[in-house]
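Below is one structure; the comments refer to it alone.
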Number of protein chains: 2
Amino acid sequence: MQTVYVGDKPAIRYATAVAMEFENGADEVCIKARGRAISTAVDACQISINKFLEGVEIKDVKIFTEEIENRNVSAIEILLLKV
Amino acid sequence: MQTVYVGDKPAIRYATAVAMEFENGADEVCIKARGRAISTAVDACQISINKFLEGVEIKDVKIFTEEIENRNVSAIEILLLKV
């Protein structure tokens, strides 16, 4: 499955990356982010499905904790599906 | 259902509020946030279920867009359930 990792760039960059994955033929795209980038991931998801894509919906949203260098960091995975 | 609205205070404040709702007898608590506070909401959720509570799990996570004063703002609702 194609995955878009969200960092500290503007949300529109990641929304564009998600849209391109679907336009290149992906049926499912996973958006992943950690920490403060979680808000950007949700923005990117909403921009991609509301502005750039038709017939793509949110299949699943998972939130969980990852341990990175002995620190606990929140994380999100948003799974988008072509319907 | 009890709802905890997450803003710009530290996540631990909201995690404590969530834990208190369950300790006061709630079976379900909804954590809601918009925009940049979405990351804090996920942190608060993870802290409350990993540090403060036992037998509480994530039942559902919804992400969506709200229109506020003609601007589109991303939002999250995390539903926690006592099992």
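The values are calculated or read from the model by the stated rules, or taken from the named source; none is laboratory data. Because the structure is a prediction, the values reported are computed rather than measured. Backbone-built Cβ (ideal geometry, glycine too); neighbour counts: all protein chains shown. Quick note on the areas: whole protein, heavy atoms, side chains included, nothing else; ligands and nucleic acids left out. Shrake-Rupley method; radii C 1.70, N 1.55, O 1.52, S 1.80 Å.
The table that follows gives values for the structure above.
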read-out: Pairwise burial A:B, computed as accessible area of each alone minus the pair, summed, 1.4 Å, Å²; value: 1600
read-out: Whole-angstrom gap from region A:10-83 to region B:1-59, using each part's C-alpha centre; value: 22
read-out: Top of B:Thr65, B:Thr16, B:Thr40 by mean-square fluctuation, Gaussian network on chain B, Cα under 10 Å; value: B:Thr65
read-out: Dipole in debye (nearest 20) - the protein assembly as shown, about Cα centre, beta carbon charges: Lys, Arg +1; Asp, Glu -1; value: 460
read-out: Portion, in percent, of the accessible area of region B:2-82 that falls on carbon or sulfur, probe 1.4 Å; value: 44
read-out: Total charge dipole magnitude, chain A, about the Cα centre, Cβ charges on Lys, Arg, Asp, Glu only, Debye to nearest 20; value: 260
read-out: Shielding score for B:32-39, defined as the mean number of other chain Cβ atoms within 10 Å; value: 4
